[in-house]
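See below for the structure under consideration.
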Amino acid sequence: MSGRLDGRVAIVTGAGQGVGEGIARRLAAEGAHVVVAARRAETGEPVAASIVAAGGSAVCIETDVAERASVEVCVRDTVECHGALHVMVHNAFTGAIGHRLEDTVVERHWEAMSRTAVWGSFYCAQAAYPHLVAAGAQGRLILVTSPSGVEGSANIPLYSSVKAAQRAMAKSLAREWGHHGITANCIAPVAGSPALVSAFERNPALREAIEARTPLGRVGHITDDIGSVALFLASDDAGYVTGQTIVCDGGSFLGL
Amino acid sequence: MTGRELAEVPFACMRGDATRPAWVVIRPEFDPCARPFHTITDEQWGVAWETPMRDVIAQMQAAFHAGARRIVIVVPTTAMSGGSRFAHVAAPAEGVRLLVKSAARQWGHHGITVNAVALSPDGFLDEPDLAGPTSLAPAALPTTDASALIEFLCSDASGDVTGQTIVVDGGVWM
């Protein structure tokens, strides 16, 4: 059976765990050659090996999305290895720590969040650009944002802002790159990432609260729920969808 | 009052008297130049993205600690529409707009309201037409003036309104 992404080449940042891992697995299952771009090989290598063991095509490239040179090397090596880059998924993120806006600690939190979410999107999109142009109507930029980037957050306000900035970047690049056939979209997931699972272990009431407010009554699965949305956006089926944010959270946020 | 006219008044104005709460209006500075995304340098991105975000955070913190009870932040509608060759404006403008929502959620129990007013990109960008149309529809109104709205949002009368973005662009972005 042929896959929906046969012959396509995709980079997924932050793919050593969580949502990025789920996206990488789903894209690979549909035939994409996937680069598991992870900051640490000890997380990325096992994911890539697992994908290969399941019959897919994947390699791990150590990548720090907060550093331009690291992102450029990842893209260069990907294209040298596979001859093209069709899909760039920027998911990597660190630093979502609760804080109050009026406190002086904001500066420390800002740096990590800004670097990985917004500068990371800037570097990934710029490095991928010539290859997405070459890919034409198969060119895809997918940024992983958050429902918090739409509705704001009392707990993690700077996280909301950097995730909102990613949405504005996707809209802008949808306009700017559309004439090449490239689409630029966002996914705003709520999923059982390691960070959320860990939070559930520390605070079981949190899971109950999230499930209670979610019409579908559960937290999303990184591969089956979130990866499948990424697959849609990466596939030819979504060729006329651009500048959008698909909120993939079981219906807990309904205000878009 | 347009976005450009607002830029000519002090960056933040604070007033308070017996009949009105202390209030602050913040009109961030955004890079007005059109820049194809793939040509933007790290230095340009740093100025365009980091400067307005850090400035607004500092201004909001100053307003909070000074006892302001009404905070109004003015942004271009580019925040919501995006803009070709203006990703470096849309990103911080939308980042600021989410600061408004989050601050409204955090500071509401202090009696502080935080709202955004979104104006036409014409008052912020040097070549707004390059950004692409904000909407396919033409403006519904011939002129716009946000002064009365900002005055309302700075008044006691707006005490039940927070976290909102109100667009004053003649009915282009809906």
Close pairs (6 angstrom Cβ cut-off, 6 or more residues apart or separate chains): farther than 13 Å from A:V89 by Cβ in the range A:229-247, polar (S, T, N, Q) anywhere: A:T242/A:T183; A:Q244/A:N185
Count of the range B:90-109 residues which are more than 7 Å from every other protein chain (Cβ to nearest Cβ) and free of Cβ contacts under 8 Å to residues at least 40 places away in the same chain: 1
Residues that are of a type in the set (D, E, K, R) and either surrounded by fewer than 17 Cβ atoms within 10 Å (Cβ to Cβ) or touching a strand residue (DSSP E or B) at 6+ places or on another chain (Cβ under 7 Å) (or both), drawn from the range A:40-67: A:R40, A:E42, A:E45, A:E62, A:E67
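When you check A:A154 against the structure, is it more than 19 Å from A:A230 (Cα to Cα), free of Cβ contacts under 8 Å to residues at least 60 places away in the same chain and within 8 Å of chain B (Cβ to nearest Cβ), yes or no?
Details: more than 19 Å from A:A230 (Cα to Cα): yes; free of Cβ contacts under 8 Å to residues at least 60 places away in the same chain: yes; within 8 Å of chain B (Cβ to nearest Cβ): yes.
It is true that A:A154 is more than 19 Å from A:A230 (Cα to Cα), free of Cβ contacts under 8 Å to residues at least 60 places away in the same chain and within 8 Å of chain B (Cβ to nearest Cβ).
Every residue, every condition in (1) within 16 Å of the chain's Cα centre (by Cα); (2) over 19 Å from A:A165 (Cβ atoms); (3) within 11 Å of chain A (Cβ to nearest Cβ), yes or no:
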{"position": "B:V25", "(1), (2), (3)": "yes, yes, no"}
{"position": "B:F30", "(1), (2), (3)": "yes, no, no"}
{"position": "B:D42", "(1), (2), (3)": "no, no, yes"}
{"position": "B:Q59", "(1), (2), (3)": "yes, no, no"}
{"position": "B:A62", "(1), (2), (3)": "no, yes, yes"}
Some residue of the range B:66-74 being of a type in the set (K, R) and either within 23 Å of A:C186 (Cβ to Cβ) or within 11 Å of chain A (Cβ to nearest Cβ) (or both): no
Matching residues, the range A:177-215, being closer than 22 Å to A:V241 by Cβ and either at pLDDT below 90 or loosely packed, with under 14 Cβ neighbours inside 10 Å (or both): A:H179
Failed item in (1) surrounded by 14 or more Cβ atoms within 10 Å (Cβ to Cβ); (2) more than 18 Å from B:S84 (Cα to Cα), with B:L125 passing the rest: (2)
Criterion: at pLDDT 90 or above, under 22 Å from B:D122 (Cβ atoms), within 14 Å of chain A (Cβ to nearest Cβ) and crowded, with 18+ Cβ neighbours inside 10 Å - qualifying residue of B:T78, B:T51: B:T78
Answer from A:E176, A:E201 - the residue that is of a type in the set (D, E) and touching a helix residue (DSSP H, G or I) at 6+ places or on another chain (Cβ under 7 Å): A:E176
Every residue from the range A:124-165 that is closer than 21 Å to A:W110 by Cβ and of a type in the set (S, T, N, Q): A:T145, A:S146, A:S148, A:S153, A:N155, A:S160, A:S161
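Run down B:A66, B:A103, B:A87 and say which single residue is under 30 Å from A:R108 (Cα atoms), over 13 Å from the mean Cα position of the chain (by Cα) and surrounded by fewer than 24 Cβ atoms within 10 Å (Cβ to Cβ).
Answer to the selection: B:A66.
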The lone exception for B:T143 - which of (1) exposed (fewer than 12 other Cβ atoms within 10 Å of the Cβ); (2) within 14 Å of chain A (Cβ to nearest Cβ); (3) of a type in the set (S, T, Y) it fails: (2)
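For every residue, the table says whether it meets (1) more than 30 Å from B:Q164 (Cα to Cα); (2) touching a Phe, Trp or Tyr at 6+ places or on another chain (Cβ under 8 Å).
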| residue | (1), (2) |
| --- | --- |
| A:S114 | no, yes |
| A:T145 | no, no |
| A:S148 | no, yes |
| A:S153 | no, yes |
| A:R167 | no, no |
| A:A191 | no, no |
| A:P204 | yes, no |
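Restricting the range A:75-122 to residues that are modelled with pLDDT of 95 or more and within 11 Å of another protein chain (Cβ to nearest Cβ), which is surrounded by the fewest Cβ atoms within 10 Å (Cβ to Cβ)? Working first, answer last.
Step one: list which residues in the range A:75-122 are modelled with pLDDT of 95 or more, which gives A:75-92, A:114-122.
Still in the list and also within 11 Å of another protein chain (Cβ to nearest Cβ): A:114-115, A:117-119, A:121-122.
Values: A:S114: 22, A:R115: 19, A:A117: 33, A:V118: 26, A:W119: 22, A:S121: 28, A:F122: 26.
That would be A:R115.
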Within the range A:157-172, considering residues that are at the interface with chain B (Cβ under 7 Å from one of its Cβ atoms) and touching a residue at least 60 places away in the same chain (Cβ under 8 Å), the one nearest to B:S84 (Cα to Cα): A:K171
Selection count where residues are of a type outside the set (V, I, T) and either closer than 21 Å to B:A146 by Cβ or not in a helix (DSSP H, G or I) (or both), scope the range B:100-133: 20
Conditions (1) closer than 30 Å to A:Q126 by Cα; (2) facing another protein chain (nearest Cβ under 8 Å); (3) surrounded by 23 or more Cβ atoms within 10 Å (Cβ to Cβ); number of the one not met by B:L119: (2)
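Condition first: β-branched (V, I, T) and without any contact (Cβ under 8 Å) to a residue 40 or more places away in the chain. Now tell me which residues in the range A:96-128 satisfy that.
Within the range A:96-128, the subset β-branched (V, I, T) is A:97, A:104-106, A:116, A:118.
Answer for the range A:96-128, where residues must be β-branched (V, I, T) and without any contact (Cβ under 8 Å) to a residue 40 or more places away in the chain: A:T104, A:V105.
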Every residue from the range A:222-249 that is surrounded by 19 or more Cβ atoms within 10 Å (Cβ to Cβ), in contact with a strand residue (DSSP E or B) (Cβ under 6 Å, 6 or more places away or on another chain) and assigned to a loop (DSSP other than H, G, I, E, B): A:T242
Pair list, Cβ under 8 Å, 6 or more apart: the range A:129-150 residue within 10 Å of chain B (Cβ to nearest Cβ), other residue modelled with pLDDT under 95 and surrounded by fewer than 23 Cβ atoms within 10 Å (Cβ to Cβ): A:S148/A:I156; A:V150/A:F253; A:V150/A:G255; A:V150/A:L256
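The values are calculated or read from the model by the stated rules, or taken from the named source; none is laboratory data. Bear in mind the structure is a predicted one, so any value in this text is a computation, not a measurement. Backbone-built Cβ (ideal geometry, glycine too); neighbour counts: all protein chains shown.
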